[in-house]
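Every number here is computed from the coordinates shown, using simple stated rules; none is lab data. None of these values were measured; they are calculated from a predicted model. Here Cβ is always computed from backbone atoms with ideal geometry, including for glycine, and neighbour counts include all displayed protein chains.
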C-alpha cells in the first residue's frame, strides 16, 4: 500500500446565492487546487465528484462538470453521503491511490443550494430521515439536533449559554475568513435579542445556534508518495481514515448525547494513524449546529462525555487553546454547501499543517483532524493528517 498525500487544495468563496452554474462554481475550487498542486489535467488519473443530488437541477452532474473542466476521458466517480459527501470522496480517492490503481486523483465537491426555495430545501433535508417512520411527522434538521441538545442538557446540565459561546468563537474567526458567508462578530448578549441571534428555531436552539445554507465548491488533490514528492514541496499525509454509519431512525439510537458515527470513525482513524486525541493540534469538526460541535468535542476524545461545556467556557477551543477547533469559522460562519463542506474542512487543515493559514495559524501543528457528519449522524468520517 502506497502512502498517500494531499498535494493541492482549493475552495470557492461560500455565498448565499451563486449567480452561475455548477460548472462555473466547480471551476473556482478546481483552478485554485490545480495552481496549488502545480499540475496539469494530464497528470490527473481520475476524479471523484461529490454532491447531494436532491439539490442539483442537473441529473448526473459529475459528467457535466468533468466535461467542462476538460477531465475526459479519465474516469469520473460520483459519491453521495449527504453532508459528508466530499470526505467520503477523499476516502475513495485515498483507496484508489493506496491500492496502486491510480497515481493522482482529484476530489471535487460542489452544491448550489440556492436553486431551491427555503421550503424546498427543508423538505429535502427532512427526507434525509426515514420517509415512512419519521420525516412525515415534521422532523427537520434543527428539530433533530434540538433533540440532541435537550438530551445533553438533561444528562450533563449543559446550558444554552454554553452553546452560544461556540457561536461566539465561530464568529470571532469567521470575521477573518474571506471565504465565509457570515463575517460579523457575535456577542453573547446577542442571544438575548430575538431579533438577532436569540430568535427561536427549535428549543433550545436559536438562530445563532444554526449554520446557513450556502453555495460553494471545494477541491482536494491526492497522490501516491512518488508523485507527491515530485510535484509538491509540502505534501500533507493522510495518516488515518475512519468511517461509520448508524440507524436512520432516531428511535434506533442508543444515546442522544453524542453521535456514535463520530465516536466509531474517530476510533478507527486514531488506530490507523497510531496516535491519540492528545496528539491532535488543530481540528475541523462538523458544526452544522452548536450542539454538533459540543458533541464532536466529546466524541473525539478532546473532553470526557459531559466535559465539553467546561472546555468551551475555558476557551480551550480557541487558536491559543489546548485544542483549537473550527478556527476558520466552521460551518456556523462559513456556511454549509453540502457537497463541498468536507473538502473545505480538509483545505483548512492542510493549510494549517503547511503553515499557510495566515492570521488563524496554529503554532507548529504536526497533526490535524477533520470530522465530517452526513445527515443527523447517519454517516460519519474522521480523517487524520500529518506533516512530514
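Structure data summary
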| quantity | calculated |
| --- | --- |
| Beta bridge orientation in the chain: antiparallel %, DSSP, nearest 5 | 70 |
| The chain - mean residue ellipticity at 222 nm from DSSP helices (-39,500 (n - 2.57) per run, n ≥ 4, rounded to 500) | -10500 deg cm²/dmol |
| Most fluctuating residue given options 149, 273, 29, as computed from a GNM of the chain linking Cα atoms under 10 Å | 273 |
| Volume per residue of the C-alpha convex hull in the stretch 70-222, rounded to whole Å³ | 184 |
| Euclidean distance of C-alpha centroids, the stretch 238-260 and the stretch 116-186, integer Å | 17 |
| For the stretch 1-78 and the stretch 314-379, distance of Cα centres in Å | 21 |
| Most mobile listed residue (211, 232, 219) in the chain, GNM with C-alpha springs under 10 Å | 232 |
| Separation between Cα centres of the stretch 193-223 and the stretch 285-313, rounded to whole Å | 17 |
| For the stretch 144-218: rounded, prolate or oblate by the Cα gyration tensor [a/c cutoff 1.5] | prolate |
| Contour minus Cα-Cα distance for residue 195 and residue 137 (0.36 nm per residue) | 18.0 nm |
| Zero-based 10 Å bins, Cα pair distances in the stretch 1-139, whole percents | 11, 39, 31, 15, 4, 0 |
| Mean Cβ neighbour count within 10 Å, used as a protection proxy, ranking 63-73, 91-101 highest first | 91-101, 63-73 |
| Whole-Å semi-axes of the stretch 95-149's equivalent ellipsoid (Cα gyration tensor) | 34, 16, 11 |
| Likely footprinting exposure, 47, 257, 341, 245, fewest C-beta neighbours within 10 Å first | 245, 257, 47, 341 |
| Cα gyration tensor category, rounded, prolate or oblate, for the stretch 247-312 with a/c compared to 1.5 | oblate |
| 286, 336 arranged by Cβ crowding within 10 Å, fewest neighbours leading | 336, 286 |
| Most mobile of 19, 365, 53 in a GNM of the chain (Cα contacts under 10 Å) | 19 |
| Rg over Rh, two decimals, the chain (C-alpha only, Kirkwood Rh) | 0.94 |
| Helix 341-353 axis, angle to the chain major axis (alpha carbon atoms, nearest 10°) | 70 |
| Length released on extending from residue 123 to residue 203, taking residue separation times 0.36 nm less the Cα-Cα span | 26.8 nm |
| Tensor-based shape of the stretch 270-376 (alpha-carbon gyration tensor, a/c under 1.5 rounded, otherwise prolate or oblate) | rounded |
